[in-house]
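Comments concern the structure below.
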Amino acid sequence: MIEQAPGLGRRNFLQFAARAALVLPVAGLSAAALTGCGRGASSFAQPSPANSPKSWKTTIVSANEPGEPLTISGTIYAPDGRTPLEGITLWVYHTDATGHYSPSTGNGDNRNTRLHGVMETNREGRYEFRTIKPAPYPGGGVPAHIHTYVSGPGYPEYWIDSYLFEGDPFLSNEDRQKAGKGNFSSTLKLSRDKDGMWRGVRDIVIERCSKNCIRQ
């Protein structure tokens, strides 16, 4: 599901920003700085240079990173929703187990986002990243989430609905209704394997951005 303005994804972002604003007196931050979303988001977390080699899977954290291990995988499809696309870049970033993007800057400056990764889909359109479950922002109100952007040949970079997680206490009914269905849902139903790894699947249908898409 794409976050567009105006449109479903844009409303989702505004709802997140409104909820983030509830914790501003505690954190002393702006909603835009908290979410890291919107037109200025590319300045918060810069992808690797375009000529950098990218694998279809990446490991974002080290083995000693605090938090619950999480692996997310899926397939990126063409606009027809059926054809897997090779060479699509997926860029993700999120908070750590304390709800901060960087220990040195808290949530006020995401230019130094510590936990981030970039992948490029393989011939089957597959991607995968290993990380830890992000924590909600300190003060609560906003569900834990993973920000993500997609781009590729013929598909200028734009951000899509953040990854959310079923069971999050801050997840609203509106969030669930907007999430989509099945593997295309942006709200993931996680399962835990015998090794303690949380796993989730999200497939994505890419679209050619119109002038209403939020690009960087």
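The values are calculated or read from the model by the stated rules, or taken from the named source; none is laboratory data. The structure presented is a predicted model; accordingly, all values stated were derived computationally and were not measured. Methodologically, a virtual Cβ is constructed for each residue, glycine included, from the backbone with ideal geometry; neighbour enumeration extends over all protein chains shown. To get the accessible areas, we keep the full protein, side chains included, count just its heavy atoms, and leave off ligands, DNA and RNA. Shrake-Rupley method; radii C 1.70, N 1.55, O 1.52, S 1.80 Å.
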Any residue in the stretch 192-212 that is open to solvent by 40 Å² or more (accessible area, probe 1.4 Å) and at pLDDT 95 or above sitting within a Cβ distance under 7 Å of a residue that is outside any loop (DSSP other than H, G, I, E, B) and aliphatic (A, V, I, L, M)? List the pairs, counting only those 6 or more apart or interchain. W198/L70
So, G152, is that one within 16 Å of L70 (Cα to Cα), surrounded by fewer than 20 Cβ atoms within 10 Å (Cβ to Cβ), among the small types (G, A, S) and in contact with an Asp or Glu (Cβ under 9 Å, 6 or more places away or on another chain) or not? no
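Taking strands (runs of 3 or more DSSP E) that fall entirely within the stretch 125-214, which contain at least 1 residues that are of a type in the set (G, A, S)?
Numbers: elements: 126-132, 146-152, 155-165, 198-201.
Qualifying strands (runs of 3 or more DSSP E): 146-152, 155-165, 198-201.
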Within the stretch 100-116, residues open to solvent by less than 10 Å² (accessible area, probe 1.4 Å), out of contact with any His (no Cβ under 7 Å at 6 or more places or on another chain) and either more than 26 Å from K189 (Cα to Cα) or at pLDDT 95 or above (or both) come out as S102, N110
